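The values are calculated or read from the model by the stated rules, or taken from the named source; none is laboratory data. Worth saying up front: this structure is predicted, and the values here are computed from it rather than measured. Please note: Cβ atoms are built from the backbone with ideal geometry, for glycine as well, and neighbour counts cover all protein chains shown.
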Amino acid sequence: MAPETTKDLQSQDHKVLMDIIDGLRSKGVSRYIDLPQIVACGGQSSGKSSVLQAISGLSFPVGTNLTTTFATELVLRRTTETSEERCRVSIQPGKDHSDDQRKKLEAFGFSTTFDELDVGNVADRARDAMALTDAKRFCDDVLRIEVSGPTQPHLTIVDLPGLFTAGNRDQSREEGQLVKSLVRSYMKNPRSIILAVVSAKSQFAEQSVTDQTPYLSVRKMEEMYFKLAWNEDVDFRLGWHVVVNRDYHDRAISNTERDEKEVAFLSSGIWNSLPQSHKGVAALRTRLSEVLRDHIIAQLPRVVTDIEDGLRECTDRLERLGDARGEADEQRKYLLNASHRFSSLIRSAVYGSYGDSFFGNAREDEGYHKRLRAVLQNTLEDFAQDMRKNGQARDIIDFSVEGPEIEGQVSRSDYLAEVRRLMRRNRGCELPGTYNPLIITELFHEQCQPWADLVEKYSTRIISAVDSSVNSILSHVVDEETKDRLWMGHIGEALEKLKTVLRTKNSELLTSHETAHPITYNYYLTETVQKIEAKRYEKDLRRTLEQNFDTYAPGSEFRVSFNRIVDVLTSNRHADMGDFGAANAVDMSEAYYKVTLKRVVDDVAHLAVENCLTSKLPELFTPESVAELSDEDIKQLAAESEDTVAEREALLSKLDVLSKGLGGLKRLTRHHPPVQFGFRSSHGTSSEDEDSVDVEEKALSTSSSPSPRPDAVHLVREGTGPSCMAPVCQPSMVP
C-alpha cells in the first residue's frame, strides 16, 4: 500500500475514533460513563482562548474579564482538500433540567460557514438559550461547536470557564467557587486529559492551576520557562510544548500572519534549540490530536466494559420495573410474571439449584446468603453439633474433677449418689436393686432442659435466612414500591403465619419429650445401654486388675492362677443393691437421652423447618394467588407512581443511549482492533502498550502569553487523578 493511502486510512480511523466518543458524549452517555476527553482550563486572561484560537482558527473572545460562563466543547474534524470548512452549533443540556427545558435547549442549533462563525455572538445566543442572567451566570449546559475542514486536526477539546479567586462588580467570590466546582467536576473524570493553561507573562507560582511559589524577575522568568520547556525544572511525563499567542497590538492580524510571527520567534534566540515537535501551534495540533487518539485507544476496552455494566444494571432494573402498567390488565400481567419468577427462584433456592444469574457468586457473602438451601444445611448442621455438645444440662464424667469445679460437669460417683437419694424418695413397689421406671422420666426431663433455648436460637437463624432470601428474590422480580406493597399486604402476612406454625411445631415436638414419660421402640436403646455398661465394665475391670496384680500393665504378660482371676473378677460386683439400681437407672437414662436427641434433631429439621416453613415458601406468591385477586387489589399492589414512570423513562433513555454507543464501539473494535490501527504514541509507546500504562498518571499543561512571549505546553500529573493536559508558558522577553 502506498504511503499516502496508508496515511488516509489512518486519518479515517482517527476520525472514526473521535466521532464514536463524541457521539457518545452528544447522546448524554457521559452522564453515566466517564469518557476520554481533553479539557482546557486555566485562570482568566491566562491565554486559554488564544491557544484554542490558534489551534482551531476560530476567533474566540479575548481580553474580557469573563469570557465563558459554561463549558464549550470544540469538535475539530479534518475533511478532504476540496471540502468547504463548515461549522455546526448546538447545546447539550445539563442533568438538572425538566423535559420542557431539555427540549428547548436541544432545539437550539444552526449551521454556518467557517468564516461567518462569530464565537462571541454564538456564546451570547447560547447564554440567552440557557437563561443565564446576572443572578444565574453559570450552568452545567455545554455549548458544542463542531468545525470540519481540510486544515483542521482530528481533535476534541472541552473549554471550561476561566478560574478566578478575587471578586469584583462583574463577578463575585461565590461565582469563583462555582467555576472551581465545575472545573473540578471535569478534572475528577479519571479519563480526562487536562490541558491546563498558564501565562508566561506572570510568575509560574501565581497561576491558578499551579502550586509553585518562587518569586522570579522578568529575565529569570524566561530562563525558568525555558527550563520547563526542556522538562528540566518541573518534570512531566509527556513533556512541554511552546507556542506564541497574539499580544494586544496583534489581536487583529490574520491566522496566517500569526503563524508566521510564531515561526520567526521560535526560530531565534534560546527557543531555536527546542525540537520542532515541541514548539509551534502546528505541532501542537498534531501532538494534542495524537495524545487524545492514543488515550481513546487505550481507554476503549474499559469504556466498553463500563457501558456493558451500565446496560446490565439498566436491564435488571427495567426487568424489575416491568412494562408500563397504567391499565388493570397490564398491572395483573405484571404481577403474574413477577409471581411466576418469584416462585421459580424461591423453589431453586429451597432445593439448591443455583444456575440462575440471580444467585451470583458463592464466594461472596451476598451470593451465599441467596443460596437458601446452603444456609439451611449449614445452620442445621450447627444445630445438631450444638445439641450434641451443649444439649445436656449436666455432663457426667467418669472421674472426680480435680481443681475448680466446672459448671455443667458432674462426676459419675457424685451423680450416682444424687440418683440414689432421688430413688429413695421415689420408691414404689420395685424390689431392692431395681428402680422405679418414673425415675428415668425425671432424670431425662432434667437433662433436656437446654433443648428449648437451642431450638429457638437456631429457628431464629433460619427465619432470618428465609427473610433475607425472600426479600432478595422479591427485590429482584419487582420494583421497590411494589415490593413494599406486596410485603405489607400479601407476602409479609403469609410469611409471619409460616413462622408462627414453625414455632408451634417446635413447641409441640419438645413438649412431647419434656412432659410425657419416655417412649421408644428403637432397638438402638438396648444397644446403647449395653455399650455404656460394657465400656464402664471394661474400665472397672482394668482398674481392678491394676489394683490386684502389681505386675499388670496393658499389653504385658505374667503368670497367674485361674482361680485367682475368677476370685478377682467375681469380687468386682456391686455389693450395695442401691448402688446397683442407681447405676442401671443412670445407664438407661443416658441411653434414652442419646436416642431421643437424634430423633429431636431430625424432627426439628424435617417436621418443623422443612414441612412447616421451607416447603411452603414457593406458595407465598404464585400466579394462582394473583389470579384470585380483585381488580382493586391488583391496582393497590401494582399501580405505578409518578416516580416509577419517570424512572422507567430515564432507564429506557439510558438503555437506548448506551445500546447505540455500545453498538458503535463494538463495530469499531470488530473492524478496527486497536492493534490494527498502526498508530504509534507520540511519546514512543504503541497503542497496544499504552493500554498497560497507568493512563491516570498522564497530564498535559500549557501556558500562554501574547507575542513575542511563547506559550509552553506541558504534560502534568495531578496526583493519582485523571490524565491532564496543560497549556504552554511564555517566558518574558521584554523587561
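Tabulated data for the structure shown
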item: Residue satisfying all of: in segment 549-593; under 30 Å from Thr441 (Cβ atoms), surrounded by 11 or more Cβ atoms within 10 Å (Cβ to Cβ) and small (Gly, Ala, Ser); modelled with the lowest pLDDT among these; result: Gly578
item: Residues located in segment 85-115, provided they are within 18 Å of Gly28 (Cβ to Cβ), without any contact (Cβ under 8 Å) to a residue 40 or more places away in the chain and among the β-branched types (Val, Ile, Thr); result: none
item: Pairs, first over 17 Å from Gln447 (Cβ atoms) and assigned by TED's automatic domain parsing to the domain that holds Ala585 in segment 408-435, second surrounded by fewer than 16 Cβ atoms within 10 Å (Cβ to Cβ) and among the aromatic types (Phe, Trp, Tyr), C-beta under 9 Å, six or more apart; result: Ser413/Phe399
item: Residue in segment 59-67 that is at pLDDT below 75, crowded, with 20+ Cβ neighbours inside 10 Å and within 25 Å of Lys103 (Cβ to Cβ) present; result: no
item: Criterion violated by Gly310 - all others in (1) touching a Lys or Arg at 6+ places or on another chain (Cβ under 9 Å); (2) assigned by TED's automatic domain parsing to the domain that holds Ser192; (3) surrounded by 14 or more Cβ atoms within 10 Å (Cβ to Cβ) satisfied; result: (2)
item: Leading residue by the ranking (farthest from Lys654 (Cα to Cα)) among those in segment 95-133 that are polar (S, T, N, Q) and assigned to a helix (DSSP H, G or I); result: Asn121
item: Flag if Arg363 is within 25 Å of Val466 (Cα to Cα), in the same structural domain as Glu418 (by TED's automatic domain parsing) and not aliphatic (A, V, I, L, M); result: yes
item: Flag if Arg325 is at pLDDT 90 or above and within 30 Å of Lys616 (Cβ to Cβ); result: no
item: Tyr415 assigned to a loop (DSSP other than H, G, I, E, B) and aromatic (Phe, Trp, Tyr); result: no
item: First in segment 11-40 and in the same structural domain as Leu155 (by TED's automatic domain parsing) and in contact (Cβ under 8 Å) with a residue 60 or more places away in the chain, second anywhere and small (Gly, Ala, Ser) and not in a helix (DSSP H, G or I), Cβ under 6 Å, 6 or more apart; result: Gln37/Ser192; Val39/Ser192
item: From the options Glu481, Glu546, Glu493, Glu538, residue that is modelled with pLDDT of 80 or more and loosely packed, with under 15 Cβ neighbours inside 10 Å; result: Glu493
item: Subset of segment 335-363 (residues that are of a type in the set (Gly, Ala, Ser) and assigned to a helix (DSSP H, G or I)); result: Ala338, Ser339, Ser343, Ser344, Ser348, Ala349, Ser357
item: Complete set of residues in segment 515-535 that are hydrophobic (A, V, I, L, M, F, W, C) and surrounded by 13 or more Cβ atoms within 10 Å (Cβ to Cβ); result: Leu525, Val529, Ile532
item: Total residues in segment 97-138, condition aromatic (Phe, Trp, Tyr), at pLDDT 80 or above and under 24 Å from Glu175 (Cα atoms); result: 0
item: Count - residues of segment 421-445 that are at negative phi and assigned to a loop (DSSP other than H, G, I, E, B); result: 11
item: Within segment 614-646, tally of residues that are part of a helix (DSSP H, G or I), among the hydroxyl-bearing types (Ser, Thr, Tyr) and in the same structural domain as Leu380 (by TED's automatic domain parsing); result: 3
